[in-house]
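The values are calculated or read from the model by the stated rules, or taken from the named source; none is laboratory data. Bear in mind that the values here come from a model prediction, so they are computed numbers and not experimental data. Cβ placement follows ideal geometry from the backbone for every residue including glycine, while neighbour counts extend to all protein chains displayed.
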Amino acid sequence: MRELLNGTKRFNELRRALNGVSQKVLTQHLRSMEESGIVSRHVYAEVPPRVEYSLTDLGQSLKPIIDAMWKWGELYKEKTQHD
């Protein structure tokens, strides 16, 4: 989801950004988020087929929560480094 907050991405862009994730796992997660209405998948009728993923309005509504979790993580990291 973090990668899609910045806009539409193709599958391989997502895979490269999520270093270490397997194709199978990424596909499973994208399908699950699509079924939940969080991610939209658009297939273009081209050869080879082009598939793009983006967040739906519901997915975009999670941005404040993700931002808050990131901020908390940064504060936690600072606190634990100084203890």
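Here are the numbers for the structure shown:
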quantity: Long-range neighbours under 7 Å by Cβ, at least six apart or interchain, first residue within 13 Å of F11 (Cα to Cα) within the stretch 41-58, second at pLDDT 95 or above and among the acidic types (D, E); calculated: R41/E34; H42/E52
quantity: Candidates G20, G37, filtered to the one that is in a loop (DSSP other than H, G, I, E, B) and at pLDDT 95 or above; calculated: G37
quantity: Among (1) in a helix (DSSP H, G or I); (2) without any contact (Cβ under 8 Å) to a residue 40 or more places away in the chain; (3) surrounded by 12 or more Cβ atoms within 10 Å (Cβ to Cβ); (4) of a type outside the set (K, R) - the single one T80 does not satisfy; calculated: (3)
quantity: Looking only at the stretch 40-66, and only at residues there that are surrounded by 11 or more Cβ atoms within 10 Å (Cβ to Cβ) and among the β-branched types (V, I, T), the one that is modelled with the highest pLDDT; calculated: T56
quantity: Which listed residue is surrounded by 13 or more Cβ atoms within 10 Å (Cβ to Cβ) and assigned to a helix (DSSP H, G or I), from L75, L4; calculated: L4
quantity: Residue check for V25: modelled with pLDDT of 95 or more, in contact with a Ser or Thr (Cβ under 9 Å, 6 or more places away or on another chain) and surrounded by 10 or more Cβ atoms within 10 Å (Cβ to Cβ); calculated: no
